[in-house]
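To keep things clear, I will list the structure first and then write my remarks on it.
The values are calculated or read from the model by the stated rules, or taken from the named source; none is laboratory data. Quick caveat, the model's predicted, so the values are computed rather than measured. Cβ coordinates were reconstructed from backbone atoms using ideal geometry, including for glycine residues, and neighbour counts include every protein chain displayed.
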Amino acid sequence: MKVFIYHQFIANPAIAEHNERLAAANRLGQHLQYLRDVHAWFRGFETTDPDEADLFFVPLFLAGWQFANHDPADFIAMCAHLGRGRHVLLSSGDVGQRAESRHELKHAGRAYEKKYAWLDDRFILLALESTPLLHAQDVAFLPYAIRDIVPLNLPRDLFASFMGALSYTLLPPEHIRGHVMLRLQARHAGDARVMLGTPQQAAAAQGRPLGYDEVMARSVFTLCPAGYGRWSFRFIEALLHGSIPVLLCDDYVLPFAGQIRWDDYCIVVPERDALATVDLLRALPVERVTALQANILRDRARFLRPAVLAAIGQELEHRLEHEAVAA
């Protein structure tokens, strides 16, 4: 795989400074780091000759532009080799992709509302929003932690937990991050081994402040419902703490399915069964739970940054090979 890189979109000091401002204004620091990571990783495959390139990487801070409510069409037009091959973009936000969904808000103050007219099959998206709506050439990848997460090795005295906002006012009422999570919380109120709620609610229940990492490290299961996006950093953070993630989002397709047997590491609960989530988890055989925990501990490295970047490369090369055979 040989990649031509438009370095000017990240190396130009003015653009780099603008990216920093966008990240700071919209709490997108992790997304900007993803862009830097992918840019650095692609340099290992770089060619300066566009004629021999298999792919062209455009290190545009797309998430920053999305949340600034702007269309970067003028920057895309600056790509001098659009007619020579597929151009790769990092799409780490939860808007501005191939098609609209119920997770994307029609709220002018949040993010760019329209689909980009220039985003066609000339482009490959490296996407955190892993859905059936992506095109065949796109690569959905696993959100990875950019902070060091050290296992705390605490007793697993919590059966299931979710620490965070149970609802968002801007989402439709039928969304799982709304009345469903609130009803699930009410259903298990008083159960000391089930902790669902905000950090303030958790602190009130425990009589002391609780850290986000501590709760995961103490939990056998961590609930990972959809929010504004289908994906969640919580999913990977749970794995790194040895907690079994429970995916609650019908529209999310777990990435790298050809490389990772997800049944070995997580539980998926259909949204229609979400209110019974804790009951379903309690009905799992002990042997199944023990196996999941052992698999997570054994394979922890595959959920870290180097393995995720390598998996992206493997998926891209697979697609290139498939296209070559088809041609």
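Quick notes
- Leu284, sole failed condition from (1) closer than 22 Å to Ala160 by Cβ; (2) surrounded by fewer than 16 Cβ atoms within 10 Å (Cβ to Cβ); (3) touching a helix residue (DSSP H, G or I) at 6+ places or on another chain (Cβ under 9 Å); (4) in contact (Cβ under 8 Å) with a residue 24 or more places away in the chain: (4)
- In region 1-28, of all residues being small (Gly, Ala, Ser) and in contact (Cβ under 8 Å) with a residue 40 or more places away in the chain, the one that is farthest from Phe233 (Cα to Cα) corresponds to Ala25.
- Scanning region 131-153 for residues being of a type in the set (A, V, I, L, M, F, W, C), surrounded by 17 or more Cβ atoms within 10 Å (Cβ to Cβ), in a loop (DSSP other than H, G, I, E, B) and in contact (Cβ under 8 Å) with a residue 40 or more places away in the chain gives a total of 3.
- Residues satisfying the stated conditions in region 161-193, i.e. among the hydrophobic types (A, V, I, L, M, F, W, C) and modelled with pLDDT under 85: Leu170, Leu171
- Count of residues meeting criterion [under 18 Å from Pro172 (Cβ atoms) and touching a residue at least 40 places away in the same chain (Cβ under 8 Å)] in region 222-273: 11
- Answer residue from region 194-231, given it is in contact with a Gly (Cβ under 9 Å, 6 or more places away or on another chain), closer than 18 Å to Gln30 by Cβ and of a type outside the set (A, V, I, L, M) and is modelled with the highest pLDDT among those: Tyr212
- In region 24-58, residue nearest to Ile10 (Cα to Cα) [restricted to those that are β-branched (Val, Ile, Thr) and not in a helix (DSSP H, G or I)]: Val58
- Leu184 vs. criteria outside any strand (DSSP E or B), in the same structural domain as Met216 (by TED's automatic domain parsing) and in contact (Cβ under 8 Å) with a residue 12 or more places away in the chain: yes
- Just one of the listed residues (Ile124, Ile149, Ile176) is of a type outside the set (Ser, Thr, Tyr), in contact with an Asp or Glu (Cβ under 7 Å, 6 or more places away or on another chain) and assigned by TED's automatic domain parsing to the domain that holds Asp251, namely Ile176.
- Of the residues making up region 30-52, those that are within 22 Å of Gly93 (Cβ to Cβ) and touching a residue at least 60 places away in the same chain (Cβ under 8 Å) number 7.
- Out of Val325, Val286, Val308, one residue alone is of a type outside the set (Phe, Trp, Tyr) and under 19 Å from Gly44 (Cα atoms). It is Val308.
- Qualifying residue in region 210-218 (condition: free of Cβ contacts under 8 Å to residues at least 24 places away in the same chain, under 27 Å from Thr131 (Cβ atoms), among the small types (Gly, Ala, Ser) and assigned to a loop (DSSP other than H, G, I, E, B)): no
- Screening region 297-327 for residues that are outside any helix (DSSP H, G or I) and more than 15 Å from Arg261 (Cα to Cα) and picking the one that is farthest from the chain's Cα centre (by Cα) gives Ala327.
- Checking Ile260, Ile236 one by one, the residue that is in a helix (DSSP H, G or I) and either at pLDDT 90 or above or more than 21 Å from Asn295 (Cα to Cα) (or both) is Ile236 and no other.
- One residue stands out among those in region 11-54 that are in contact with a Leu (Cβ under 7 Å, 6 or more places away or on another chain) and of a type in the set (A, V, I, L, M, F, W, C): the one that is farthest from Pro306 (Cα to Cα), which is Leu22.
- In region 3-31, of all residues being modelled with pLDDT of 95 or more and touching a Phe, Trp or Tyr at 6+ places or on another chain (Cβ under 6 Å), the one that is surrounded by the fewest Cβ atoms within 10 Å (Cβ to Cβ) corresponds to Val3.
- Members of region 45-83 found to be surrounded by fewer than 15 Cβ atoms within 10 Å (Cβ to Cβ) and modelled with pLDDT under 90, listed by number: Asn69, His70, Gly83
- Any hit, region 154-173, residues being in a helix (DSSP H, G or I), touching a strand residue (DSSP E or B) at 6+ places or on another chain (Cβ under 7 Å) and touching a residue at least 40 places away in the same chain (Cβ under 8 Å): no
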